[in-house]
């Protein structure tokens, strides 16, 4: 009888252990799936996506802290304020619906929304004011190509505000009035027109001595800019 009781106890413990292992496996699988295909940013997230979110929230006047690319308490509070304004559930999580209204598109060419056109036009104007129209479109196309390239941030704002990427951000030209042609050029670039043939860099050879950029293979010369890969 004692042996039977011991066997019963052993079988019960075995069943519990197996169940625990299966549960742990399911949970681990769920976590792994979530990590491999993230669909939101929340407190603790970091990277170019978060930096883009912070920049847009800052442009809205909802985020007054330093843009660091780290999703902390202040970013969460700003998200909640944005969600309140837009009539979304005030979760503090930048889910798909929130990201869409922020205009932050992850890893693909963003839609030609008013916010995206305005942002892209501003950098095109700052970098290409005075360039021929096709040259302005080419600048926008380089930015689109970077969004899809693994070496760069995967959002429009992330590309534009990437540290050191564009001199127009640091020298103040980004804040100058936008030329009218830049808006049309932005729409054309967002629609997929790429005069560069896939380039991810450009430079004016008369205005830079940067060894890295000059080492890139030039694909096209449009206006005063060399476009390269």
### Added length on full extension, which subtracts the Cα-Cα distance from 0.36 nm per residue, residue 84 to residue 180
31.2 nm
### Convex hull (Cα only) mean projected area of the range 171-229, reported in nm² to one decimal
4.9 nm²
### Query
Any idea how far apart residue 95 and residue 215 come out in nm if each label point goes 7 Å out from Cα toward Cβ?
4.7 nm
#### Entry: Ordering of 133-145, 165-177 by burial proxy (mean other Cβ atoms within 10 Å per residue, highest first)
133-145, 165-177
### Task
Send over the semi-axes of the range 153-199's equivalent ellipsoid, whole angstrom and largest first, taken as the square roots of 5 times the C-alpha gyration tensor eigenvalues.
20, 16, 9
### Task
Using Cα pairs closer than 8 Å and at least 6 residues apart in sequence, work out the relative contact order for the range 114-228, in percent.
33 percent
### For the range 114-228, the spread of Cα positions along each principal axis, largest first, Å
36, 27, 26
### Summary
Cα gyration tensor of the range 48-102 diagonalised, 5x eigenvalues square-rooted, in angstrom largest first, produces semi-axes 16, 11, 10
### Query
Where in the range 43-63 is the amide nitrogen less than 18 Å from a point lying 7 Å along the Cα-to-Cβ axis of residue 118?
52-63
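Each value in this text was obtained by applying a stated rule to the coordinates, not by laboratory testing. Since we're looking at a predicted model, the values are computed, not measured. Reconstructed Cβ throughout: ideal geometry from the backbone, glycine too, with neighbour counts over all protein chains shown.
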